[in-house]
Amino acid sequence: MDMSCRLYIGFFLLSIALLLNSCHHAPSDNGLTKVILQADWYPQPEHGGFYTALEKGYYKQEGLDVEIHSGGPYLSAYQQVASGGAQLGMGASDRILEGVAEGQPLVAVAATMQHDPQGIMVHADSPVHSFTDLNGHSVAVLPGATWFRFLTKRYQLNNVHEVPATMSVANFIANPNYIQQAFATSEPFFARQANVEPRLLLVSDSGFDTYRVMFTTREFLQKHPDVIAKFVRASLHGWRDYLSDPSVAHTAVARLNPALSPAWMQFSWQQLKDGQFVTGPATDGSQLGQMDPARWTALYKQLLDLKVIDKEIDPTTAYTLQFVKPN
């Protein structure tokens, strides 16, 4: 059994334990306001700012008792938040727009990442150097991925064989011609561990440029804007600290998710920094949490064009800028 398969099994068992544990939580004391943040995946460095804020007490300083619930492949943060199972969630801007179009009362309140680290991984010596070059090749992708539909249409990939992606880099390591979807913060690490050098074509470079976001429901936002303001402020404080020093968050994440190694976490953190995924290109951190209405509108039009959204909506209802006003 290869490392990736062992990790998958470990993640599966961990998700069951964490979900069972999340069903039992003590009521807040000392006058703190209880807030549940539903994660989009298992505890990992990509959640580092939130865990930094939690461990350093930034939420408590704002009067909040925040509890981070683990996600996983069988749990939707969007459904959890929409149904009231959590007050806030981690997600992606395209999924927020899709949810709003489907009638879910979701609204993004701040960006966690300015750009999504999703991409397509090829071998270093692959003849594929652009998305257009994917024609004539097989690509392992999770079925129904919106970003891949965008690539297929924009680059006229009418000669691409789409195969189901797995939770493993075993095929990539074994086959020098293998191409698969990957996150800049994860799969390249395991490829290099096996002495295979990868390259990554970032989806954001194609023009399909999504945010990773913190989101809530329209009702909770209207009733508790003060809670959202406190949560966003503390979270962004945590993200600033995490990018400077990940040690506090990594200690917490490793405790919750023993499948993560120190080397893997360090790699993920370095990629988040070097790729400017969280901060964007502004070196002074002024873009942290910010969202651009033009990018939301452009994404909305792309989803309409792809027929992922089948009816017109007002894209400004899917986000608010009241908590991330430009500096």
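The values are calculated or read from the model by the stated rules, or taken from the named source; none is laboratory data. Keep in mind the model is a prediction, meaning the values are calculated, not measured. Virtual Cβ from ideal backbone geometry, glycine too; neighbours counted across all protein chains shown. Each accessible area value is taken on the protein alone, full model and side chains, heavy atoms only, with ligands, DNA and RNA left out. Shrake-Rupley method; radii C 1.70, N 1.55, O 1.52, S 1.80 Å.
Things worth noting here:
- Entry for log10 I(q)/I(0) by the Debye sum over Cα atoms at q = 0.12, 0.15 Å⁻¹ (calculated from the structure that is shown) out of (i) -0.92, -1.09; (ii) -0.85, -1.24; (iii) -0.85, -1.36: (iii)
- As a fraction of the 1.4 Å probe accessible area of the chain, surface on carbon and sulfur atoms comes out at 52 percent.
- In degrees, nearest ten, helix 3-22 long axis to first principal axis of the chain (Cα): 20 degrees
- In plain terms, the C-alpha convex hull of region 75-229 casts an average shadow of 10.1 nm² when viewed from every direction.
- Relative contact order, whole percent, for region 221-327 stands at 23, derived from Cα pairs under 8 Å and 6 or more residues apart.
- Think of the chain as having a plus end and a minus end, set by charges on the Cβ of Lys, Arg, Asp and Glu; of Thr33, Phe189, Ser235, Thr33 sits farthest toward the positive end of this dipole.
- Considering region 94-179 at the alpha-carbon level, its Rg and Dmax are found to be 15.6, 46 Å.
- Neighbourhood charge, 11 Å Cβ-Cβ cut-off, centred on Lys230 and excluding it, Lys, Arg +1 and Asp, Glu -1: 0
- Acute angle (nearest 10 degrees) that the helix 247-256 long axis makes with the longest principal axis of the chain, alpha-carbon atoms: 80 degrees
- Overall Cα dimensions of region 38-126 - principal axes, largest extent first, Å: 53, 36, 24
- Of the peptides 232-245, 130-143, the ranking by mean beta-carbon count within 10 Å, highest at the top, reads 232-245, 130-143.
- Note that region 115-162, at 10 °C in a medium of 1.306 mPa s, gets a Stokes-Einstein diffusion coefficient of 140 µm²/s from its Kirkwood radius over C-alpha pairs.
- Accessible area (Å², per residue) of the chain, counting only protein heavy atoms and a probe of 1.4 Å: 45 Å²
- Distance from region 48-126 to region 189-253 (C-alpha centre basis), Å: 8 Å
- Along the axis of the charge dipole computed for the chain (Cβ charges of +1 for Lys and Arg, -1 for Asp and Glu, origin at the Cα centre), the listed residues Pro45, Ser261, Ala86 are led at the positive end by Ala86.
- Highest average packing first - 34-45, 294-305, Cβ atoms within 10 Å: 34-45, 294-305
- DSSP beta bridges confined to the chain are antiparallel in about 60 percent of cases.
- Cα centre as origin, Lys/Arg/Asp/Glu Cβ charges: the chain dipole, Debye: 240 debye
- Positive contributions from Lys and Arg (+1) and negative ones from Asp and Glu (-1), summed over other residues with Cβ under 15 Å from the Cβ of Thr132, come out at 0.
- Debye log10 I(q)/I(0) at q = 0.16, 0.31 Å⁻¹ for region 265-308, Cα point scatterers: -0.61, -0.98
- Net charge in the neighbourhood of Gln114 (other residues with Cβ under 11 Å of its Cβ; Lys, Arg +1, Asp, Glu -1) is -1.
- Protection-proxy order for peptides 96-104, 254-262, each taking the mean of Cβ atoms within 10 Å per residue, highest first: 96-104, 254-262
- Tail weight of P(r) past 21 Å, computed on alpha-carbon pairs of region 180-327, percent: 58 percent
- Only DSSP H runs of four or more residues enter the estimate; each adds -39500 (n - 2.57), and after division by the residues of the chain the mean residue ellipticity at 222 nm equals -11500 deg cm²/dmol.
- Between the helical axis of 225-244 and the longest alpha-carbon principal axis of the chain there is an angle of about 50 degrees.
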